[in-house]
Amino acid sequence: MSDQDISSNANSRVLKTYQEARLQNLENLRKLVVDAAATILQEEGPEAVTVRKVSQKMGCSTKIIYNLFVNKEGLAQQLYLDGCKLLAYELERTPQAADPAQHLQNLGEAFWQFGQRYSSYYKLMFGGAFADFKPDEESLNGTVTAMRQLLTVISNAQQQGLIPGQYDTELVIRVFWASLHGVIHLYMGGHLGDVQSAHAVYRQTLSLIVSSLLPDKA
């Protein structure tokens, strides 16, 4: 290596203070802990996610987990935000459709698939799986961000006059979302039979909601 290369590498180095390096290491450690908790969440369900179990999986003391997240609820918040990212990804990769009614159908189906594929995250985020955890403002904002695809479709349909203007956009989204949640919760509670039967009820509910919002497109 030439002196010029050595000089160039030296000049390109980004020097960090001890505090910056420590914060970066802590952030990396937090991510590893969340990854371990997420693995337990997906493999064993929300009830299995405890500080002790996460510390055992990490091979560290519970004190380290508490120092990083204060309590189990702090860890649950990070898992919630991870769930928001997964939901956003599922909705963003939903097939686009020029017809808003079909697009809403596609988004509704993607939401069902999220509940099936990531049932433990769904129970954490929307099913009260962690009794002492209540989403804070950051977590709720994460949910809103995840659902922006739905907001966009409904807002555009309203602007085009396809959804009656007297309906408040936020109210429309809540009705749409709450109705779908209701079916999923009933299924998870064992009230709708097997997954095929529950999915049939879900699809019919979704179809009725879409047709009521966009009667000319049904």
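Data for the structure
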item: Candidates 186, 171, 124, 206, filtered to the one that is assigned to a helix (DSSP H, G or I), outside the structural domain of residue 44 (by TED's automatic domain parsing) and under 16 Å from the mean Cα position of the chain (by Cα); result: 124
item: Tabulated pairs, segment 72-91, first more than 12 Å from residue 33 (Cβ to Cβ) and among the acidic types (Asp, Glu), second at pLDDT below 90 and not in a helix (DSSP H, G or I), C-beta under 9 angstrom, 6+ apart or interchain; result: 73/130; 73/132; 73/133; 73/134
item: Qualifying position, being closer than 27 Å to residue 40 by Cβ and either hydroxyl-bearing (Ser, Thr, Tyr) or modelled with pLDDT under 90 (or both), among 205, 145, 152; result: 145
item: Unique residue being of a type in the set (A, V, I, L, M), within 15 Å of residue 180 (Cβ to Cβ) and over 11 Å from the mean Cα position of the chain (by Cα) when the list is 110, 131; result: 110
item: Pairs where the first residue, in segment 159-176, is closer than 15 Å to residue 100 by Cβ and the second is in a loop (DSSP other than H, G, I, E, B) and of a type outside the set (Ser, Thr, Tyr), C-beta under 6 Å, 6+ apart; result: 162/214
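The values are calculated or read from the model by the stated rules, or taken from the named source; none is laboratory data. Computed from a predicted structure; not experimentally measured. Please note: Cβ atoms are built from the backbone with ideal geometry, for glycine as well, and neighbour counts cover all protein chains shown.
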